[in-house]
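I'd like to ask some things about the structure below.
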Amino acid sequence: MDIDLEQLKYPIGKFEAPAEISDRALKGYINDIRYLPSLIEIVVQSLDEAQLATPYRPEGWAVYQVVHHLVDSHTQALTRFKWALTEDNPTIKAYNETAWAELPDVKKTPINVSLTLLHALHTRWVNLMENLTPEQWARTFVHPESGKTIALRTLAANYSWHGRHHMAQIERLKERNNWH
């Protein structure tokens with residue numbers, strides 16, 4: 001069986017920032033973020049320890065690392081929102097997600113802890129996003145690695161994609177292995 005590594009890595013395609021984001025699209029992104037914790041929980045609930053330790057692709061993270069990564073990454077996203085809302089176009093701090101995925105808290109903490117954190121984190125994040133004014137949605141930050149200025153609307157689109165992207169990685173793994 002030929003495996004397309006790019007398809008395994010990006011099962012829903014790579015993120016492409018929309019040129020314009022309508023209020024309707026923004027509501028969809030917020031809903032994706034709202035429901036991700038429950039959807040991820042459903043996707044992993046039937047997996048045993050060996051399945052959770054299975055990489056979603058060759059040289060990829062194990063399922064448990066993907067779940068913990070969602071908390072790490074989405075915590076960064078909420079922090080980036082808050083920086084952009086409270087500082088004028090700040091340069092945010094990047095982090096080494098690959099190194100974070102190898103730390104002891106990821107390797108030793110059961111995923112239910114991160115699932116609980118993801119629910120709480122997304123509740124806070126959605127409550128913030130649902131109460132932003134149009135002017136606040138237009139606020140920006142600078143990403144230090146790309147040098148790009150990113151608006152909060154675009155960040156919401158990115159993290160809508162990010163959650164769906166990682167969920168699809170786990171779903172495709174389950175499908176390939178006939179894990180029901």
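The values are calculated or read from the model by the stated rules, or taken from the named source; none is laboratory data. This structure is a prediction, so every number in the text was calculated from the model and none was measured. In this analysis, Cβ positions are derived from the backbone assuming ideal geometry, glycine residues included, and neighbour counts consider all displayed protein chains. Note: areas computed on protein heavy atoms with side chains; ligands, DNA, RNA excluded. Shrake-Rupley method; radii C 1.70, N 1.55, O 1.52, S 1.80 Å.
If you check Q169, Q136, which single one turns out to be of a type outside the set (G, A, S), within 30 Å of R57 (Cα to Cα), in contact (Cβ under 8 Å) with a residue 24 or more places away in the chain and assigned to a helix (DSSP H, G or I)?
Q169
Being over 16 Å from the mean Cα position of the chain (by Cα) and β-branched (V, I, T) is the requirement here; does T75 meet it?
So T75 does not fit the description; no.
A follow-up question, please. Taking the condition within 29 Å of E20 (Cβ to Cβ) and open to solvent by 50 Å² or more (accessible area, probe 1.4 Å), does K93 pass?
Values: within 29 Å of E20 (Cβ to Cβ): yes; open to solvent by 50 Å² or more (accessible area, probe 1.4 Å): yes.
Yes.
Looking only at residues in region 68-85 that are without any contact (Cβ under 8 Å) to a residue 60 or more places away in the chain and either outside any helix (DSSP H, G or I) or in contact with a Leu (Cβ under 7 Å, 6 or more places away or on another chain) (or both), which one is surrounded by the most Cβ atoms within 10 Å (Cβ to Cβ)?
Top of the filtered list is V71.
Same structure, new question: Of the residues in region 6-51, how many are among the acidic types (D, E), surrounded by 10 or more Cβ atoms within 10 Å (Cβ to Cβ) and under 14 Å from V63 (Cβ atoms)?
1
Identify, from the list W61, W100, the residue that is surrounded by 18 or more Cβ atoms within 10 Å (Cβ to Cβ), on the phi < 0 side of the Ramachandran plot and out of contact with any Lys or Arg (no Cβ under 9 Å at 6 or more places or on another chain).
Just a single option satisfies the conditions, and that option is W61.
If you don't mind, another one. Suppose we keep only residues that are touching a residue at least 24 places away in the same chain (Cβ under 8 Å) and open to solvent by 20 Å² or more (accessible area, probe 1.4 Å) within region 108-131. Which one would you say is nearest to A62 (Cα to Cα)?
The residue in question is I111.
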